[in-house]
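The values are calculated or read from the model by the stated rules, or taken from the named source; none is laboratory data. What you see is a predicted model; the values in this text were computed from it and never measured. Here the Cβ positions follow ideal geometry from the backbone for every residue, glycine too, while neighbour counts run over all protein chains shown.
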């Protein structure tokens, strides 16, 4: 998938991946790949800065945990992150309806 297509949507994608359970960075990347059927292969250089930015914004919280014998930073959704994700989902729904009407006016 064209990386430019993800611009403006990465936050919602990352928030949705950690919605139900805390995950470490590599697991987040794997979840994006798995949920997208392999279409999203987002580089670590994109994901980790975005996770730190979302944490600074208060949408994610992190803590160190030992996973598979290794210390890793795990990220979880905060209450304000849940609210942000709900807003992102609503905006995405409106966006897809509008674009759908333009691209396929017969439906």
Of all residues in the range 50-64, which are in contact with a strand residue (DSSP E or B) (Cβ under 7 Å, 6 or more places away or on another chain), loosely packed, with under 13 Cβ neighbours inside 10 Å and within 22 Å of residue 82 (Cβ to Cβ)? 63
Take the range 15-32 and flag every residue that is loosely packed, with under 14 Cβ neighbours inside 10 Å and in contact with a strand residue (DSSP E or B) (Cβ under 7 Å, 6 or more places away or on another chain). 19
Tell me which residues, restricted to the range 1-19, are part of a loop (DSSP other than H, G, I, E, B) and at pLDDT 95 or above. 18, 19
Matching residues in the range 65-79 (within 17 Å of residue 13 (Cα to Cα) and surrounded by 15 or more Cβ atoms within 10 Å (Cβ to Cβ)) number 5
Residue satisfying condition, being within 13 Å of residue 10 (Cα to Cα), surrounded by 11 or more Cβ atoms within 10 Å (Cβ to Cβ) and within 15 Å of the chain's Cα centre (by Cα), within set 82, 89, 35: 89
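So which of 47, 42 ends up being outside any loop (DSSP other than H, G, I, E, B), surrounded by 12 or more Cβ atoms within 10 Å (Cβ to Cβ) and in contact (Cβ under 8 Å) with a residue 24 or more places away in the chain?
Working: 42 fails: outside any loop (DSSP other than H, G, I, E, B).
Exactly one of 47, 42 is outside any loop (DSSP other than H, G, I, E, B), surrounded by 12 or more Cβ atoms within 10 Å (Cβ to Cβ) and in contact (Cβ under 8 Å) with a residue 24 or more places away in the chain, namely 47.
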